[in-house]
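Worksheet for the structure shown next.
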Amino acid sequence: MPIHNEDIAAHFEEIADLLEIKGDNPFRIRAYRNGARAVRALPRSAAELLKGGEDLTRYPDIGEALATKIAELLRTGTTQAMENLRRQIPSSLEDLLRIPGLGPVRIRTLWHELGITDLDALEAAARAGRLRGLPGFGPKTEQKVLAAIEEHRKKKRRFLRSVAAEYGEPLADWLRAGRGVREVVIAGSYRRGRDTVGDLDVLAVAPDRSDVMTRFAGYEEVAEVVSLGPTRATVVLRCGLQVDLRRVRPESFGSALQYFTGSKAHSIQLRRRAQERGLKINEYGVFRDERRIAGDTEESVYAAVDLPWIPPELREARGEIEAAERGRLPRLVEPGDIRGELHCHTTATDGRADLEAMALAARQRGLEYLAITDHSQRLTMVGGLDADALARQIETIDRLNERLTGITLLKGVECDILEDGRLDLPDAVLARLDLVVGAVHSHFELSRRAQTDRILRAMDHPHFTLLAHPTGRLIGERPPYDVDLDRLIRHAAERGCFLELNSQPRRLDLDDLACMKAREAGVLVAIDTDAHSERDLDLRIHGVLQARRGWLEAGDVLNTRPLAELRPLLARTMGR
Ligand code: DGT
Ligand code: CA
Ligand code: CA
């Protein structure tokens, strides 16, 4: 797959957009935009020119720096500059660039002023009239943005992965029952464990004579058959979710799976690597000249370019190929590594199961410990506990622990962080707990500075253990509150307290990039379910996927510790 001048130009324009979103030096931004123009103006493809031994700096507007980047891009399929930016900027912000009227400067304002990183958050803010006060925005812009979003959504809306699973998994089972069908896998962003998916990309291994394609089109949930051929088809389900199906032969399964799992950016880097070795990778196999040398399994595809298999959650062009090459891939945390739950509710506040039922449900799921963390008094509408009620719950838990075998209940609270950063309960009762989970449930609108100071102050409380859902985002419903997450992470590292990755599918908070940062800072992340019922304890898989996308290993996760190792970690934050 040759890299065209247009690809290079688009790459530089994307870097310029990302730099502008980041608020980088205007001269550097302009240099990339000029570079894009200069590449488009070249008389022949840059690849050919370089092959012919030409010096690209001979051409107008191409300096030493740009020429080096072009060579790098042709050689590796990407540039370090781009990879660094991708690590710093949520990929969903790039989706906003596709909304007419929103350039990088406005996107930067939205991100910094309102913490908006995706379309849903933008829409919610526009509807709530929160855009009009921003520099460069007025009531008119707000209307335009809403109209543009609606237009954009008609083209495609994203689904929570958990929702897509509810539709996709039964469909996959339906296909598995087709004639001669050997294997069905949902690939794409779904397999990479993204928190939302644009559509589902399903692969089926089946012979030519199989009925799997017509079976797909005839599935009861199908509202529209967009296209139907012998090896590919597209339908839209009644819920609006689009599903693509590809039928492949067994010998191509690994290659097709690799190709349709993506991400596109990851696959481009992989193909570049193949080219360096005189190989060609496509969805049908790995080829040397016309001869297939690999492709039946994904492992064989990666092995053909001298790499170990890379877990799908890492395939986002965030340094995973380099890590694989050096034998430095993380050993990602797995659901079975989790030993206990540190955040759940009971009927004492807004849970639907009582203490004992929650304890038994946790035991049944093989957990060693369960922290009971009902809400604190400020949340009156859910019956938040005051100091007396919490003291009574502490005694109830002590009695239950004497009686129960196979599970240990930890005493905790999900304590509101008040507007000024104080905790919502007196120290005397907090001191009797095993852990204090701090959470923001109000005053989402504080300025970045005030919100950050508020949470830092709460973390400074001697009994503060764990920050629940650290950014407060609800995917598609509410943007994160504006907070300096990097400072929170640094502070948690200094204080020896912890951050939560909340597994509720609409929270998934911390997100993947934040997990990477926590890991780098050495802050342990608790993968919690925030269960409000027995069944909620099963939500952890969503959190584990997000953690894996954030490169977390078992050792980076607080609640992979057995109780005996957990206790001293918690005790440190409780001042014991
Ligand atoms: P989504 O659906 O927006 O959540 O994201 P994906 O990653 O599932 O993207 P989708 O559905 O457009 O395509 C599925 C996979 O197919 C993608 O991850 C990689 C592969 N793919 C699609 N288009 C291209 C392409 O132009 N080049 C390459 N190399 N791969 C592609
Ligand atoms: Ca997809
Ligand atoms: Ca697709």
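Could you tell me which of the residues LEU241, LEU279 is surrounded by fewer than 20 Cβ atoms within 10 Å (Cβ to Cβ) and more than 10 Å from ligand 1 (Cβ to nearest atom)?
None of the others qualify; the one that does is LEU279.
Across the range 117-166, what is the number of residues that are aliphatic (A, V, I, L, M), more than 20 Å from SER92 (Cα to Cα) and free of Cβ contacts under 8 Å to residues at least 24 places away in the same chain?
1
Anything in the range 282-295 that is farther than 21 Å from GLY327 by Cβ and either crowded, with 17+ Cβ neighbours inside 10 Å or among the polar types (S, T, N, Q) (or both)? List them, or say none.
ASN282, GLY285, VAL286, PHE287, GLY295
Do we find a residue being on the phi < 0 side of the Ramachandran plot, buried (at least 19 other Cβ atoms within 10 Å of the Cβ) and in contact with a Phe, Trp or Tyr (Cβ under 7 Å, 6 or more places away or on another chain) anywhere in the range 72-95?
So far as the range 72-95 goes, yes, one or more of its residues are on the phi < 0 side of the Ramachandran plot, buried (at least 19 other Cβ atoms within 10 Å of the Cβ) and in contact with a Phe, Trp or Tyr (Cβ under 7 Å, 6 or more places away or on another chain).
Can you pull out the strands (runs of 3 or more DSSP E) entirely within the range 177-235 that have at least 3 residues that are within 15 Å of ligand 1 (Cβ to nearest atom), crowded, with 18+ Cβ neighbours inside 10 Å and under 24 Å from the mean Cα position of the chain (by Cα)?
200-205
Looking only at strands (runs of 3 or more DSSP E) that lie completely in the range 239-291, which have at least 2 residues being within 16 Å of ligand 3 (Cβ to nearest atom), in the same structural domain as PHE216 (by TED's automatic domain parsing) and closer than 27 Å to HIS4 by Cα?
Values: elements: 242-248, 280-282, 285-288.
Qualifying strands (runs of 3 or more DSSP E): none found.
So which helices (runs of 4 or more DSSP H) stay within the range 11-91 end to end and still have 2 or more residues that are within 25 Å of the chain's Cα centre (by Cα) and free of Cβ contacts under 8 Å to residues at least 60 places away in the same chain?
Qualifying helices (runs of 4 or more DSSP H): 80-88.
Among LEU545, LEU510, which is under 14 Å from LEU314 (Cα atoms), buried (at least 22 other Cβ atoms within 10 Å of the Cβ), touching a helix residue (DSSP H, G or I) at 6+ places or on another chain (Cβ under 9 Å) and not polar (S, T, N, Q)?
LEU545
Residues that are of a type in the set (Ser, Thr, Tyr) and more than 15 Å from ASN84 (Cβ to Cβ): does the range 32-41 have at least one?
no
Of everything in the range 230-271 that's out of contact with any strand residue (DSSP E or B) (no Cβ under 9 Å at 6 or more places or on another chain) and not hydroxyl-bearing (Ser, Thr, Tyr), which residue is farthest from THR76 (Cα to Cα)?
LYS264
Identify, by number, the condition in (1) surrounded by fewer than 19 Cβ atoms within 10 Å (Cβ to Cβ); (2) under 21 Å from the mean Cα position of the chain (by Cα) that ALA317 doesn't meet.
(1)
What is the number of the single condition among (1) crowded, with 21+ Cβ neighbours inside 10 Å; (2) charged (D, E, K, R); (3) away from ligand 2 (no atom under 14 Å from the Cβ) that ARG161 does not meet?
With (1) crowded, with 21+ Cβ neighbours inside 10 Å; (2) charged (D, E, K, R); (3) away from ligand 2 (no atom under 14 Å from the Cβ) applied to ARG161, the lone miss is (3).
Look at GLY35 and say whether it is at pLDDT below 90 and crowded, with 19+ Cβ neighbours inside 10 Å.
Criteria not met by GLY35.
Within the range 241-281, count every residue that is within 14 Å of ligand 2 (Cβ to nearest atom) and either farther than 30 Å from ARG318 by Cβ or of a type in the set (Phe, Trp, Tyr) (or both).
2
So THR141 fits all but one of (1) touching a Leu at 6+ places or on another chain (Cβ under 7 Å); (2) closer than 25 Å to LEU102 by Cβ; (3) within 16 Å of ligand 1 (Cβ to nearest atom); what number is the exception?
The failed condition is (3).
The values are calculated or read from the model by the stated rules, or taken from the named source; none is laboratory data. Note that the structure is predicted; figures quoted are calculated from it, not measured. Note that we place each Cβ from the backbone using ideal geometry, even for glycine, and neighbour counts take in every protein chain shown.
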